[in-house]
Amino acid sequence: MMHEGIFSLENKSIVVTGAAGLIGSVQCKALSDFGASVAVCDLNYEAAKEIADTLNEKSYPVYADVTDTDSLIKAKEIILSNTGRINGLVNNAAINDVFSDKSSVLEESKFENYPLELWNASINVNLTGAFLSCRIFGSAMTEKNGGSIINVASTYGLVGPDQSLYKDKSGNQMFYKSPAYPAGKGAIINFTRYLAAYWGSRNIRVNTLCPGGVEDSQDENFINNYSKRTMLGRMAKPEDYSGAVVFLAGDSSSYMTGACLVIDGGWTAW
Ligand SMILES: NC(=O)c1ccc[n+]([C@@H]2O[C@H](COP(=O)([O-])OP(=O)(O)OC[C@H]3O[C@@H](n4cnc5c(N)ncnc54)[C@H](O)[C@@H]3O)[C@@H](O)[C@H]2O)c1
């Protein structure tokens, strides 16, 4: 079915990284529903394939590791051989810290002890991965067609983490949100402004989407604590970001660049 109207993405070839994730997979569905050909890119090819199978017939899975230049160049070649062009890019791929020893998470996650390897791993995927993806996929957006890049940050790219969220019911701190995630997400917002200014003359628009936390089987205490911090009194559903990604990827946002679209249930507004 052809999709018409101001939100139509027909004839757009859109690359989504981290596309097999909680938010990425739902974004792929929205982009596909509005007519885009979606390159469903992820480290996890099998999961990307399963998602692509549920999308329109123009969409397909692609293996891509955003930290590896060669892998991104290969992914770009596959995409260009499928569609001949790239009109949009959604940089979702990101990691959260994984502490190997669960018994020492509280100690290890303290700023004073936070392992340098975790800092480097987080910055490598969450920030350098977006930089490389923009450079490699963005370079295929031509002056004639322009393009739209959406970098995905977070509430924690705008404000510092509220460490009290990570306390149990009795008030004991379970772990600390680490410094790397907010540092990377904050940097993404200004990297976006850099690139919007740099590529404005080529009609490539670059914006940041700042999502708030999605409910995803966290413990009840966390969900309650988080919900109270939002004006809407709840965590997000992945679908809460679908309209935004369709808007940012398409011509309906044609005069928007260098901006940050904050969708956080009001968390940062009071
Ligand atoms: N889920 C939330 O509550 C939330 C809140 C705010 C911001 N965000 C941001 O939204 C984006 C999507 O989040 P999500 O919840 O869908 O994450 P997720 O963890 O569910 O999915 C992330 C995906 O990225 C992939 N990935 C990891 N490393 C990769 C690499 N090197 N190359 C390619 N792919 C890689 C993973 O395989 C996974 O499919 C992220 O940038 C995240 O930081 C999420």
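Observations, loosely collected:
- Taken over region 146-196, the criterion of being part of a strand (DSSP E or B), modelled with pLDDT of 95 or more and within 22 Å of Arg229 (Cα to Cα) is satisfied by Val152 alone.
- Listed by first and then second residue, the pairs linking a residue in region 238-251 that is at negative phi to a residue that is open to solvent by less than 10 Å² (accessible area, probe 1.4 Å) and hydroxyl-bearing (Ser, Thr, Tyr), with Cβ atoms under 9 Å apart and 6 or more places separating them unless they lie on different chains, are Phe247/Ser253; Leu248/Ser148; Ala249/Ser148; Gly250/Ser148; Asp251/Ser148.
- Breaking point among (1) of a type in the set (Val, Ile, Thr); (2) within 11 Å of the ligand (Cβ to nearest atom); (3) in a strand (DSSP E or B), for Ile23: (3)
- Region 100-134: number of residues that are open to solvent by less than 50 Å² (accessible area, probe 1.4 Å) and either within 16 Å of the ligand (Cβ to nearest atom) or of a type in the set (A, V, I, L, M) (or both): 14
- Residues of region 243-270 satisfying the condition of being open to solvent by less than 20 Å² (accessible area, probe 1.4 Å) and in a helix (DSSP H, G or I): Ala244, Val245, Val246, Leu248, Ala249, Ser253, Trp267
- Glu10, sole failed condition from (1) closer than 14 Å to Val246 by Cβ; (2) within 14 Å of the ligand (Cβ to nearest atom); (3) among the acidic types (Asp, Glu): (2)
The values are calculated or read from the model by the stated rules, or taken from the named source; none is laboratory data. Just so we're clear, the structure is a prediction, and the values are computed from it rather than from any experiment. Note that each Cβ is placed from the backbone with ideal geometry, even for glycine, and that neighbours are counted across all protein chains shown. What goes into the accessible areas is simple: the full protein's heavy atoms, side chains included, and nothing from ligands, DNA or RNA. Shrake-Rupley method; radii C 1.70, N 1.55, O 1.52, S 1.80 Å.
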